[in-house]
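Worksheet: the structure to be examined is printed underneath.
Taken together, the values in this text are just the output of simple stated rules run on the coordinates, not laboratory data. Every value quoted in this text rests on a predicted model; they were computed, and no experiment measured them. Neighbour counts are summed over all protein chains in view; Cβ atoms, including those assigned to glycine, are modelled from backbone coordinates with ideal geometry.
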Amino acid sequence: MDKLIISGGAPLGGEIRISGAKNAVLPILAAALLADDTVTIANVPHLHDVTTSMELLGRMGVGLVVDEKMNIEVDPRTISTFEAPYELVKTMRASILVLGPLVARYGAADVSLPGGCAIGSRPVNLHVKGLQALGADISVEQGYIKARAKRLVGNRLVMDMVTVTGTENLMMAAALASGESIIENAAREPEVVDLANFINQMGGKIEGAGTDTIYVQGVENLHGTEYRVMPDRIESGTYLVAAAISGGRIKLKNTRPDIMDAVLQSLREAGAIITLGDDWIELDMEGRRPRSVDIRTAPYPAFPTDMQAQFTALNAVAEGVGTITETVFENRFMHVHEMQRMGADVRVEGNTAIIRGVKRLTGAPVMATDLRASASLVLAGLVAEGDTVVDRIYHIDRGYECIEEKLAQLGAKIRRVPS
Ligand code: EPZ
């Protein structure tokens, strides 16, 4: 397994281009299964999770052609099996996203249960419950969700909890059901909107995506299309924190400031001067140390849980005491123990981390446990004295395209070594 070695100290400066959104391209690749023809997806980030998704679709017999710009042409007409095997699903939980499209389009799906994950139990009971309400017969046998349906029938679905991929799975399933579906207490994340736009471009009839009530008029079939994936708001936020934590200045291009209000507000509270354009964000700390901020994660448009670990790192070196409350997942503070080894003054009480900023962290060998925790350890390494060695960085490669190249472009001293 590769490692990243970061030598801390230099404030980051410069500009980078933001990649396509991981959490938009994963459901969109699954939604390609709904089409009767080829679809072409552009602005696809070069991530391990995208490779895994393509392997999953390829195993089903779906045709895939990738060009040098990472545009992917998906041809679902050659599909031969409707199975998502455990060996792939255990490496990427988002594989569950093929469940809805397979049942809606082909009437059958055998998808492995994802199993647990470092940040929490993350059950998929609401995905299953929603598909049953749309008329699917579902049994769970030997760790697989086995779903069958002649044709799904539209229904009113009230989600017990806000679930992003649950909303996405059911929106995809309802798109080809007969009649209308209403999804209430739906997730409002921008990636849900991107998926709805993609399905509508294939001839779907979805309204209300981005609000807590989504209306889906089922159609007989969906045709091919070409679609460009939205920019990644979490990658954007991560690089903004990289500049904020190091007292630097950064400009992000090809991004979406309009869907980042909660993160931008917290960065301003930390003392950042932020200017915005339609597709760019500039952050300047003017060489100052950040101020501590209080964060409480919750579903969009509130502060995103996927930015929580990055702000834990920011608070670790900020002036003052900051609190971070995680309300979405039950175990998303593993990065805290690793940061304590770097000298961070953090204590966790229930689902809240209380962080007293220190002037200087010290570099140490640390271990990544999940995607965003590993990013936060890289951020802490950027400002720590000496070298930080982040192990198990396959987590990072799942969600950040060329992270060491982009950080090196900003002046960071970072290199990847095979372990
Ligand atoms: C999506 O995961 C994202 N992944 C996650 O990003 C993100 O952290 C999460 O949404 C929250 O924003 C993708 O979009 C591929 P949820 P998802 O269903 O859909 C509970 C990253 O770092 N729940 O919204 O799996 C669940 O346990 C990843 O990019 C049920 O109980 O999250 C959690 O506590 C990490 N039953 C809460 O809901 C269900 O059937 C929210 O989970 C479904 C969810």
Inter-centroid distance (Cα atoms) of region 228-303 relative to region 184-203, Å: 24 Å
Looking at the chain as a GNM with Cα springs under 10 Å, which of Arg122, Arg372, Arg332 has the largest mean-square fluctuation? Arg122
222 nm [θ] for the chain, helices only, -39500 (n - 2.57) per DSSP H run of 4+, per residue, to 500? -9000 deg cm²/dmol
Kirkwood hydrodynamic radius over Cα pairs of the chain, then Stokes diffusion coefficient at 37 °C and 0.692 mPa s, in µm²/s: 151 µm²/s
How far is helix 190-201 tilted, in degrees, relative to the longest principal axis of the Cα atoms in the chain, given as a value from 0 to 90 rounded to the nearest 10? 30 degrees
GNM result for the chain, Cα springs below 10 Å: residue of Val50, Val124, Val65 fluctuating most strongly: Val65
Restraint check, Lys251/Lys413; Lys3/Lys253; Lys22/Lys253; Lys253/Lys413; Lys69/Lys413, Cα-Cα greater than 25 Å: Lys3/Lys253; Lys69/Lys413
With a Förster distance of 35 angstrom and the Cβ-Cβ distance between Lys90 and Gln340, calculated FRET efficiency to the nearest 0.05 equals 0.75
Which of rounded, prolate or oblate describes region 273-360 when judged by the alpha-carbon gyration tensor and an a/c cut-off of 1.5? oblate
Over all directions, how big on average is the projection of the convex hull of the alpha-carbon atoms in region 15-149, in square nanometres? 8.9 nm²
Would you list which lysines come within 25 Å of Lys150, measuring only between C-alpha atoms, while excluding same-chain residues fewer than 8 positions from it? Lys129, Lys205
Distance in nm between Tyr394 and Gln265 label points, each 7 Å along Cα→Cβ, equals 3.9 nm
Extension gain from Glu207 to Asp279, taking 0.36 nm per residue of separation minus the Cα-Cα distance: 23.4 nm
Check: C-alpha center region 364-396 vs C-alpha center region 1-30, spacing in Å is 13 Å
Distance (nanometres) between label positions extended 7 Å along Cα→Cβ at Gln142 and Ala42: 4.5 nm
Would you mind telling me which residue in Gly381, Gly115, Gly248 has the biggest mean-square fluctuation in a Gaussian network model of the chain, where springs connect alpha carbons within a distance under 10 angstrom? Gly115
Computed on alpha carbon atoms, what radius of gyration and Dmax characterise region 154-204, expressed in Å? 10.4, 29
Does anyone have the angle between helix 48-59 and the longest principal axis of the chain? Alpha-carbon axes, 0 to 90°, nearest 10? 20 degrees
In region 130-178, what is the volume of the convex hull around the alpha carbon atoms, normalised per residue and reported in Å³? 80 Å³
